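These notes are about the structure you will find just below.
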Amino acid sequence: MISTFFYNLLAGYLPPILAEIGSVVGVFIVGTIIVLNIPLLLGWVDRKLSGRIQSRYGPVYTGPFGLLQNVADVIKLLGKRFITNQSIDKLIYDFIPIALSVLAALMIFVIPLGSPGLILVSIPYNLLFIYIFLALSPLLVLLAGWGQNNKYAMLSGFRGAAQITAYELTLLMALISIGILAGSYDISSIVNSQHTIWNAAYLPITLVLFVIASLAITERAPFDVPEASQELQAGWKIEYSGIRYGLFFIAEYVRLLVVSMLIVYLFFGGWNGVYLPDYAWFWIKTTVVTLFMMSLRWVYNRPRIDQLIDIGFKWLLPLSVINLIAVGFIAVY
Amino acid sequence: MRSGTGLGLISNFRFMEKERNRITINIGPVHPSTHGVLKFKVDISGDTMKKIEPEIGFVHRGVEKMAEMKYYSNFMPIADKLDYIAALNWEVLYASVVEKALKVVIPPRAVYLRTMMCELQRIMSHLLFIGHSGEDLGNTTLFMWGFRERELLMDIIEEVSGGRLAPMYISLGGMYYDLPPGLIPKLASTLDIIEKRVKNEYRALSYENGLFKMRTVGVGIIEANLAIKYGLTGPNARASGIKCDLRKNAPYLAYDKLDFDIITADAGDAYARFVVRVNEILESIKIVRQIIKDLPSGEIKVKVPWIFTIPPSYTFVRQETPRGEAAMYMVTDGGQKPYRLKIRAPSLYAVQAMSEIFVGGKVADIVAILGSLDPTPGEVDR
Amino acid sequence: MEFLDEIKAKFPNVLESVDGSNENESVLLLKDKTKIKRVCKEVKNHFDILFMLMAVDKPPKIFELNYVFSSYKTQNILTIRVNIERDKAVIDSISSLFESADWEERETYDLFGVEFIGHKNLKRILLPEDWPGRPLRKDFEVTDEVRNWTGLDLKF
């Protein structure tokens, strides 16, 4: 546990109260650095991957293999002027990008980073915490749609709210069935319960439900219906510019990574593996899952909002209820 | 939309079902999916379109007025830019109308070369359409792939004429240049590549992809009588089951000597229009292969002076461009310039029909239907 | 061609053939512009769509309107040619018969100033609403008013 590590490091030189504060500061700095680097790295991977799929190179000029392209983009975004509409709701407008990125960042603080001890803040039931943070952010999208006083943004906000209502129950049901089987909502215990056999083999339907629902809830393409740059230009991001717009990328990529990590933890045995150290196993699996989630974006087009909600309510939700009952029976007998 | 706090919008939501409180949104003129500069004023209720009013004229350049002010030969570069996606088709059309008025007969090799260029341009235009359809539905990969294959043909056109988008290859009385040596084998292999990719790679990503079908099947249905009512032609009409193709019905150039079919579909929805165009690419490849096989040798042009006069006459020519039946009606008065040149742009009628096709669809269908009708603002606005 | 005789038989004194027609393209001159709607009603039995509508400015007296009709089944093209007075350019709209005439008539109104009576939405289509003049008329000149036009006076 990283906070304990900092505490023990500082306790030798400082009184306990200062060491406590120091460990909090340390955790905060480490977590922020991790969070800020995720979009830089994942953004690069996303660009390169899409380039490969689409028969082009992706970024090549900035740094080796174009690795610094996203750093350049951040510098550009920082240097950009804020262009804001006169009729926006200033409070909501300013609040949304910060709230979204902070919510996303909080998930990195409570999720294990590859081995049981490698966690910034250790809390029980961290799976439920992460679920709450995932399910809250779309409500902020609705608020963002209102706050910008723009028709496109408002339509997008409505879409976001509708989409999330349709899918968050499915996600919750999938999480509950995992929880029932493992007997805990703590990620470490869930991983340990998969020591002999992965949940993916036990619960293939839950896996499919979880992947679809998490794609929808993170508004990742092909389920980026609220953003829909072809119909609604950029949806709820439409009035944002400069680094405010950049903050959305933090939220987007951090949520993508967290969802991929969750899939590995919940279904593919987390850090369980042979020969290699546990974090190596975990990050190999996470890379594969993340690349899979990313590549979905480049091979599928986006469904329409009414079709998306149809799928959510008519198919996924009933299926997830049945699945939950079935898992309950398995767990009891 | 009222100003003030964002939360004031809740009241808008409550009244949305009432007619006078519908939301009006403007799609365009500057919008990623209007294929240029078109504008739609859409009244929506919730996510459903209730009334739609297309507005055109944003790239109106006064082409018909320009024609009256230029010598016959000098209008060619402007005919090029009418539809910048199918420039060669319009060049051929304009050359045909002037040659018909002049009573010039072009040599057989030029006829075949023109036919070949028309078909290559049709393939390029339809590839761009496929790419745009993917982009409109949110699949950027299809967009890139469409451009990738189009680029191969662009290289061929560039090698032949020196230009890419506006090649200026057709001259009055024939062609400017003959094919460069070694082009035919290169063209043949390019066609093989395109055929293979359209049949395999595109299939997986578009016309047999579940999500793609979900977005296009049953969307923007044009019944045959609606197509006739608005005068739709080309692939849009053929997707509604109307067997109209000027290449077959009123053959011009070398089309009566070539073997090909009219591609039709019955459903009349966005998916049918997509499939018709995909099959037309394959059909055009077939045509080009036949032309390569029996391309006659000989002269490529007859001498037509740069400045000449045409006696008073009315000349009407219509041909099949990738977007439908295009026509030019030229009135001459014995002078060195056309007295009046009226251009019929097939896209204009497709855009006009949109006000009826769109009603009842969702907002997301705007781009799907618009993309499937494949208009070019350049020729709509002239 | 039968359809030509049929149409002409319905309107014996007002329609006459024009020289220069070839096998598929026939031209009929309509002498009485008030009959245009009834002639078009008859044409509709033989043709599917209004293919194009070409106005030709023949100063000082005449606007010549060429209604081109085509059919999906045959190769035939029929042009109905009507002459109207230039200073009183008014004619009945046929947009209720042929839907595709709607925008063609608006365009002719826009660029020539020909008014179509009975058109449900006769306003400019290609040019902005406050554009001075009718540019495709032969007497159109680029005046100062045109040169200084900014489009900013238009009220939305």
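In region A:226-263, the residue that is farthest from the other protein chains (Cβ to nearest Cβ) out of those that are crowded, with 21+ Cβ neighbours inside 10 Å, among the small types (G, A, S) and under 21 Å from B:I366 (Cβ atoms) is A:G235. Number of residues in region A:312-321 that are over 22 Å from the mean Cα position of the chain (by Cα) and either at the interface with chain B (Cβ under 10 Å from one of its Cβ atoms) or in contact (Cβ under 8 Å) with a residue 24 or more places away in the chain (or both): the value is 3.
In region B:150-167, is there at least one residue being among the hydrophobic types (A, V, I, L, M, F, W, C) and farther than 29 Å from A:G51 by Cα? Yes, some residue in region B:150-167 is among the hydrophobic types (A, V, I, L, M, F, W, C) and farther than 29 Å from A:G51 by Cα. Scanning region B:290-323 for residues that are more than 14 Å from chain C (Cβ to nearest Cβ) and of a type in the set (S, T, Y) yields a count of 3. Determine the pairs where a residue that is in contact (Cβ under 8 Å) with a residue 24 or more places away in the chain, located within region A:199-227, has a partner that is part of a loop (DSSP other than H, G, I, E, B) and aromatic (F, W, Y) with Cβ atoms under 7 Å apart, the partner being 6 or more residues away or on another chain. Short answer, once both residue conditions are applied: A:A200/A:F268; A:L215/A:F223; A:A216/A:F223; A:P222/A:Y300.
Given the criteria among the charged types (D, E, K, R), at pLDDT below 80 and surrounded by 15 or more Cβ atoms within 10 Å (Cβ to Cβ), does C:E25 qualify? Give the derivation first.
Details: among the charged types (D, E, K, R): yes; at pLDDT below 80: yes; surrounded by 15 or more Cβ atoms within 10 Å (Cβ to Cβ): yes.
Yes; evaluated as a whole, the condition is true for this residue.
Here B:K257, B:K199, B:K186 are screened, and the one residue that is modelled with pLDDT of 85 or more, of a type in the set (D, E, K, R) and more than 30 Å from B:I106 (Cα to Cα) is B:K199.
Taken over region B:27-43, residues that are at pLDDT 80 or above and surrounded by fewer than 16 Cβ atoms within 10 Å (Cβ to Cβ) amount to 1. Filtered by the rule that a residue be touching a residue at least 24 places away in the same chain (Cβ under 8 Å) and among the charged types (D, E, K, R), region A:37-72 gives a lone residue, A:D46. Which condition number does B:R148 fail, the rest of (1) away from every other protein chain (no Cβ under 14 Å); (2) part of a helix (DSSP H, G or I); (3) surrounded by fewer than 19 Cβ atoms within 10 Å (Cβ to Cβ) being met? Of the numbered conditions (1) away from every other protein chain (no Cβ under 14 Å); (2) part of a helix (DSSP H, G or I); (3) surrounded by fewer than 19 Cβ atoms within 10 Å (Cβ to Cβ), the odd one out for B:R148 is (1).
Of A:M154, A:M107, all but one fail to be surrounded by 18 or more Cβ atoms within 10 Å (Cβ to Cβ) and more than 14 Å from chain B (Cβ to nearest Cβ); the exception is A:M107.
A:R302 falls short on exactly one of the conditions (1) surrounded by 20 or more Cβ atoms within 10 Å (Cβ to Cβ); (2) at pLDDT 85 or above, and that condition is (2).
Could you run through region A:215-225 and say how many residues are in a helix (DSSP H, G or I) and under 17 Å from A:L139 (Cβ atoms)?
Summing the residues that are in a helix (DSSP H, G or I) and under 17 Å from A:L139 (Cβ atoms) in region A:215-225 gives 2.
Candidates are the residues of region B:261-307 that are of a type in the set (S, T, N, Q) and in contact (Cβ under 8 Å) with a residue 60 or more places away in the chain; the one that is farthest from B:V367 (Cα to Cα) is B:S297.
This table checks each residue for (1) part of a helix (DSSP H, G or I); (2) modelled with pLDDT of 85 or more; (3) among the hydroxyl-bearing types (S, T, Y).
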position	(1), (2), (3)
A:V254	yes, yes, no
A:G270	no, no, no
A:I284	yes, yes, no
A:T290	yes, yes, yes
A:W298	yes, no, no
A:D306	yes, no, no
A:I322	yes, yes, no
A:I325	yes, yes, no
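Take the conditions (1) touching a residue at least 40 places away in the same chain (Cβ under 8 Å); (2) more than 24 Å from B:T233 (Cβ to Cβ); C:P12 misses just one of them, which is (1). Is it the case that region B:161-175 has a residue that's touching a residue at least 12 places away in the same chain (Cβ under 8 Å) and part of a helix (DSSP H, G or I)? Yes, because at least one residue in region B:161-175 is touching a residue at least 12 places away in the same chain (Cβ under 8 Å) and part of a helix (DSSP H, G or I).
Counting only helices (runs of 4 or more DSSP H) that sit completely within region B:180-269, those holding 3 or more residues that are more than 21 Å from the chain's Cα centre (by Cα), closer than 27 Å to B:F147 by Cβ and of a type outside the set (S, T, Y) correspond to B:183-199, B:201-205, B:210-216. Only one of the listed residues (B:L172, B:L191) is away from chain A (no Cβ under 14 Å), touching an Asp or Glu at 6+ places or on another chain (Cβ under 8 Å) and closer than 30 Å to B:V105 by Cβ. That residue is B:L172. Take the residues in region A:184-203 that are in a loop (DSSP other than H, G, I, E, B), more than 19 Å from the chain's Cα centre (by Cα) and not β-branched (V, I, T), then tell me which one is farthest from A:L324 (Cα to Cα). The extreme case among them is A:H195.
B:G371 meets all of the listed conditions (1) more than 12 Å from chain C (Cβ to nearest Cβ); (2) closer than 19 Å to B:S96 by Cα but one, namely (2).
For region A:20-28, the count of residues that are in contact (Cβ under 8 Å) with a residue 60 or more places away in the chain and more than 14 Å from chain B (Cβ to nearest Cβ) is at least one.
From the set of residues in region B:324-354 that are within 9 Å of chain C (Cβ to nearest Cβ) and in a helix (DSSP H, G or I), which is surrounded by the most Cβ atoms within 10 Å (Cβ to Cβ)? So the residue we want is B:Y349.
Of these, B:I357, B:I366, which one is within 13 Å of chain C (Cβ to nearest Cβ), of a type in the set (A, V, I, L, M, F, W, C) and buried (at least 24 other Cβ atoms within 10 Å of the Cβ)? Talk me through it step by step, then tell me what you get.
On the way: B:I366 fails: within 13 Å of chain C (Cβ to nearest Cβ).
The match here is B:I357.
No other residue among B:P107, B:P77 is surrounded by fewer than 24 Cβ atoms within 10 Å (Cβ to Cβ), touching a strand residue (DSSP E or B) at 6+ places or on another chain (Cβ under 7 Å) and more than 13 Å from every other protein chain (Cβ to nearest Cβ) apart from B:P107.
The values are calculated or read from the model by the stated rules, or taken from the named source; none is laboratory data. Computed from a predicted model, the values in this text were never measured in an experiment. Glycine gets a Cβ as well: all are built from the backbone with ideal geometry, and neighbour counts include every protein chain shown.
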